[in-house]
1. Explain nothing, just compute: Karplus ³J(HN,Hα) = 6.51 cos²θ - 1.76 cosθ + 1.60, θ = phi - 60°, for every residue of region 124-129 in order, whole Hz, x for Gly and Pro.
2. For region 33-187, what are the per-bin percents of Cα-Cα distances with bins 5 Å wide, up to the bin holding the maximum?
3. Charges at C-beta only: +1 for Lys and Arg, -1 for Asp and Glu. How large is the resulting dipole of region 33-187 about its Cα centre, in Debye rounded to 20?
4. Amide H to amide H under 5 Å from L65: which residues, 5+ apart in sequence or cross-chain, H placed 1.01 Å off N in plane?
5. For region 60-77, take each phi angle, set θ = phi - 60°, evaluate the Karplus expression 6.51 cos²θ - 1.76 cosθ + 1.60, and give the result in whole Hz per residue in order, putting x for glycine and proline.
6. For region 96-190, state which trypsin sites (Lys or Arg not before Pro) are in a DSSP loop and have at most 12 other beta carbons lying within 10 Å of their beta carbon.
7. Are there GluC sites (Glu not before Pro) in region 27-120 that DSSP marks as loop and that have at most 10 other Cβ atoms within 10 Å, and which are they?
8. Any idea what the dipole of region 138-190 comes to, in debye rounded to 20, about its Cα centre with Lys/Arg Cβ at +1 and Asp/Glu Cβ at -1?
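No value in this document is a laboratory result; all are computed from the given coordinates. Bear in mind that the values here come from a model prediction, so they are computed numbers and not experimental data. Cβ placement follows ideal geometry from the backbone for every residue including glycine, while neighbour counts extend to all protein chains displayed.
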Amino acid sequence: MNKKLIISILGLVVILCSLGIYKVLADQNKEVYMDDKKILIAYFSHSDNTKAVAEKIQDITGGDLFEIKPQKPYPREYNAVVEIGKQEKENNVFPELADNGNVENYDIVFIGTPVWWYTMAGPVKTFIANNNFDGKIIAPFCTHGGGGASATYTDMQKLAPNATVTEGFTSYEHSAKTEDVKKWISGLKF
Ligand SMILES: Cc1cc2nc3c(=O)[nH]c(=O)nc-3n(C[C@H](O)[C@H](O)[C@H](O)COP(=O)(O)O)c2cc1C
């Protein structure tokens, strides 16, 4: 073998080793390694409790964040929104969204909602109904005011029957701790 060829091969080996070391270091910087899956974190939040959990998930996974917004914003006044939420639940309303989003390019979609009348809020129902979740993974999370997740996750599965809905992350109002969110994500089987 001539000298030039040996030097070229050695050079190539050095470059490949450097790339390998770079990848290992880059992976170590990710807090939870998700096997290069494409991640979307979609959430609706009226008083920012669910938004705070969504942002923690984004910090941990590095996924894209999408806020689900109704075309007609809900009133800020608590009793007024409670009444509208009740009417929507009783009449099975799917409120129009400002933007339906697009889950097509994602493998895992974290979906967050406040619990409204024992299930997900109306805008989250619309988001799921207006997107195609066939073959996708839904990792659901919710915040509640003391009643727990109620039917939130089972209702999500009903709206997206061909998606795999994982174990959810449920927290009271704004009590979610980053460590607990991290533990939940690490325990998910994808
Ligand atoms: C319309 C409406 C209905 C609610 N229904 C429930 C419920 O059924 N169970 C419960 O535990 N909390 C209920 N809550 C409380 C919210 O789930 C809780 O405050 C949640 O953390 C709000 O999240 P957000 O700040 O992201 O909007 C309700 C709140 C509203 C506004």
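1. Each residue's phi maps through the Karplus curve to give 6, 4, 4, 4, 5, 5 Hz.
2. 2, 10, 20, 25, 22, 14, 6, 2, 0
3. Using only the charged Cβ atoms, the result is roughly 180 debye.
4. Hits under the 5 Å cutoff: I41.
5. Using θ = phi - 60°, the values come out as 6, 9, x, x, 7, 9, 9, 8, 7, 10, x, 4, 9, x, 6, x, 6, 5 Hz.
6. K177, K189
7. Counting only loop positions with at most 10 other Cβ atoms within 10 Å, the GluC sites (Glu not before Pro) in region 27-120 are E77, E104.
8. Roughly 160 debye, rounded to the nearest 20.
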